[in-house]
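Structure incoming, see below.
Please treat every number below as a calculation from the coordinates, not as lab data. The model shown is predicted, which means the values in this text are computed figures rather than measured ones. Don't worry about glycine lacking a Cβ; one is built from the backbone with ideal geometry, like all the others, and counts go over all protein chains shown.
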Amino acid sequence: MKKGSKQTTSRRNKQTVASTTCKKLSIQPSEQMIKTCQRDFVQLFPLEVSLKVFSELDIQSLCNATMTCKSWNQTIENCDDLWKHHCLTVRAVCQREIDDDRGNGYSWKVTLLRNYWKSKVKYEWLSGKYSNIHSRVALPEKSMYPMDVDTWGEILEAELER
């Protein structure tokens, strides 16, 4: 079978699936709607299924998904629980900061965005990655992040224990 023939058959199969799905929803599919259904599972599947798919993404992929299209962005932005798992992972390093932000009423997403890079830098400092640095010039570019006095106190205590 020729390559062009496979693509035509595949395209017909996708249109059939989209048409069948749209028929189940009692909708008369337009060509535009068929194309949309082929690309956008959020509009095609129940919300619970879409949220399950999004919940399996890592932080970077979830952020990238918000920029894919309007329906994905709206779905992700309207479900704060998608960010909760990632935020709780960051909490392992920044417990006080996460608890403070949640106590102040920040959403899971905002709390994560406020503390993600801080947790990365804090983890590297606490794990001793920079214990043998002898000058500022020897520090990697992303080793510093604005942190409060308590956070620097934790880091210094960890250094003194080494």
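Using the Karplus equation 6.51 cos²θ - 1.76 cosθ + 1.60 (θ = phi - 60°), what ³J(HN,Hα) coupling, rounded to whole Hz, does each residue of segment 47-56 give in order, writing x for Gly and Pro?
Ordered by residue, 3J(HN,Hα) equals 3, 4, 5, 4, 5, 5, 4, 5, 5, 8 Hz.
Could I ask something else about it? Distance check, please: which entries in LYS52/LYS129; LYS52/LYS120; LYS52/LYS122 exceed 28 angstrom between their Cα atoms? Kindly include the intermediate steps, with their values, before the conclusion.
On the way: LYS52/LYS129 36 Å; LYS52/LYS120 26 Å; LYS52/LYS122 31 Å.
Where the Cα-Cα span goes over 28 Å, the pairs concerned are LYS52/LYS129; LYS52/LYS122.
Continuing with the same structure: Along Cα→Cβ, 7 Å out, is where each label goes; now give me the distance between the ones at PHE45 and ASP150 in nm to one decimal.
My value for the distance between the label points is 4.0 nm.
Quick check: residue separation of ALA92 and HIS134 times 0.36 nm, minus the Cα distance between them. What number comes out in nm?
Working: separation 42, 0.36 × 42 = 15.12 nm, distance 2.86 nm.
Gain on stretching ALA92 to HIS134: 12.3 nm.
Next question. Taking just the C-alpha trace of segment 55-162, give me its Rg and Dmax in Å.
Every Cα atom of segment 55-162 included, Rg and Dmax give 16.2, 51 Å.
Let me ask you something else. What aspartates and glutamates could a cross-link reach from LYS70, if we take a straight Cα to Cα line under 14 Å and drop same-chain neighbours fewer than 8 places away?
Cα-Cα hits under 14 Å: ASP40.
Which aspartates and glutamates have a Cα less than 18 Å from the Cα of LYS84, not counting those fewer than 8 places away in the same chain?
GLU48, GLU56, ASP58, GLU97, ASP99, ASP100, ASP101
Residue by residue through segment 149-159, which ³J(HN,Hα) values in whole Hz follow from phi under the Karplus form 6.51 cos²θ - 1.76 cosθ + 1.60 (θ = phi - 60°), with glycine and proline marked x?
4, 4, 5, 5, x, 4, 5, 5, 4, 4, 5
Quick check: pseudo-label points 7 Å beyond the Cα along Cα→Cβ at LYS70 and ARG162, how many nm apart are they?
5.2
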